[in-house]
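A.B. asks: This structure is in C-alpha cells; I'll ask about it shortly.
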Amino acid sequence: MELAPAFSEQFPISSDRFALEFSEEKVGDGEACAACVLNERGDLVATIRVLVWDVSGDERLIRDIKEQQVTIVPAAHLDDPRVPAYFAGWAAALRFAFERLSDAIAQGSAALSDRIESAYPYKMFCPEVLGLSRPQTADDFTEVLLSNRKRLGWLLP
C-alpha cells in the first residue's frame, strides 16, 4: 500500500506539550511495521495515539494518553492523487495548532490544554476535506483544515 509510507513519514507531530503518534504494530520477532490497514469498508485506518504533557520547568510529566484506530482516508478517496498533499497539509496544520496552543499555555492560558486532553484521536482527522474540489496542494489543505472550527480550527487559541 503506497499511502502508508506517505502517511507515516508525517510523524511525529509534536510540540513541548502535545504529540500525535503513529502506532506501529509488532510482528514476528518484535519487528515494527506500519499499522495502516484497510478495514472491512475499504477505508485506510491506523492506530493513533494522542499524548498530553504537564510541563514545569525542565520536567515533563504525562498528563493523558489516548489511543484509537481512526480513518485516515475513506475508501472513496484511496485513488485520489491529492492524498499525499492532504497528508502533508494535515500534518502542517496540526504542527501549527500544537505550537500555537503551547505558546498560549506558556503565556498563562493553562486551560487551553483541555482542548486536546479532552479530544480523542479521531478528532485530529478530517478526511472529508478530500471531498472538496478546491484544495489541491499541501498549503491548500492546511488552510482549509485550519479555517473551520468543525475541522482543525477548534485547536487554535
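Read-outs throughout are calculated quantities, based only on the coordinates presented, and are distinct from any laboratory measurement. Worth saying up front: this structure is predicted, and the values here are computed from it rather than measured. Counting neighbours? That spans all protein chains shown, and the Cβs are built from the backbone with ideal geometry, glycine included.
A.B. asks: Could you compute the FRET efficiency for Glu128 and Ser23, with r as their C-beta to C-beta distance and R0 at 22 Å, rounded to 0.05? Before the final figure, lay out each step's value.
C.D. replies: Details: r = 23 Å, r/R0 = 1.03.
Computed FRET efficiency for Glu128 and Ser23: 0.45.
A.B. asks: For segment 48-138, give the magnitude of the charge dipole about the Cα centre (Cβ charges: +1 Lys/Arg, -1 Asp/Glu; no others), in debye to the nearest 20. Intermediate results must be reported in sequence, preceding the final value.
C.D. replies: Details: 10 positive and 12 negative charges, 47 e Å.
That gives a dipole near 220 debye.
A.B. asks: With n ≥ 4 as the cut-off for DSSP H runs, can you work out [θ] at 222 nm for the chain, using -39500 (n - 2.57) per run divided by the number of residues, rounded to the nearest 500? It would help to have the intermediate numbers written out before the result.
C.D. replies: Working: 4 runs with 43 residues, N = 157.
-8000 deg cm²/dmol, from helical runs alone.
A.B. asks: While we're on this one: Can you tell me the length gained on complete extension of the stretch Glu9 to Leu38, counting 0.36 nm per residue apart and subtracting the Cα distance? Each step should come with its number before you reach the end.
C.D. replies: Details: separation 29, 0.36 × 29 = 10.44 nm, distance 1.83 nm.
My answer for the length gained is 8.6 nm.
A.B. asks: Tell me the relative contact order for segment 3-155 as a rounded percent, counting alpha carbon contacts under 8 Å between residues six or more apart. Mind showing how you got there, number by number?
C.D. replies: Numbers: 256 pairs, mean separation 33.7, N = 153.
About 22 percent, as a whole number.
A.B. asks: What residue among Ala111, Ala19, Ala75 has the largest mean-square fluctuation in a Gaussian network model of the chain, using Cα springs under 10 Å?
C.D. replies: Highest fluctuation of the listed residues: Ala111.
A.B. asks: Stretch Asn148-Glu2 to full length: gain in nm at 0.36 nm per residue minus the Cα-Cα span?
C.D. replies: On the way: separation 146, 0.36 × 146 = 52.56 nm, distance 2.93 nm.
Length gained between Asn148 and Glu2: 49.6 nm.
A.B. asks: Give me the extension gain from Arg49 to Ala111: residue separation times 0.36 nm, minus the current Cα-Cα distance, reported in nm with one decimal. All intermediate terms of the calculation are to be shown ahead of the outcome.
C.D. replies: Details: separation 62, 0.36 × 62 = 22.32 nm, distance 2.12 nm.
Roughly 20.2 nm would be gained on extension.
A.B. asks: Here is a follow-up. Please determine, in degrees from 0 to 90 and to the nearest 10, the orientation of helix 83-106 with respect to the longest principal axis defined by the Cα atoms of the chain, where the helix direction is its Cα long axis.
C.D. replies: Relative to the chain, helix 83-106 is tipped by roughly 10 degrees.
A.B. asks: Can you give me the distance in nm between label points at Tyr120 and Arg60, each placed 7 Å from the Cα along the Cα-to-Cβ direction?
C.D. replies: Here the answer is 2.6 nm between the modelled labels.
A.B. asks: Per residue, how much space in cubic angstrom lies within the convex hull of the C-alpha atoms of segment 3-155?
C.D. replies: On the way: hull volume 18.2 nm³, N = 153.
Measuring per residue, one finds 119 Å³ for the Cα hull of segment 3-155.
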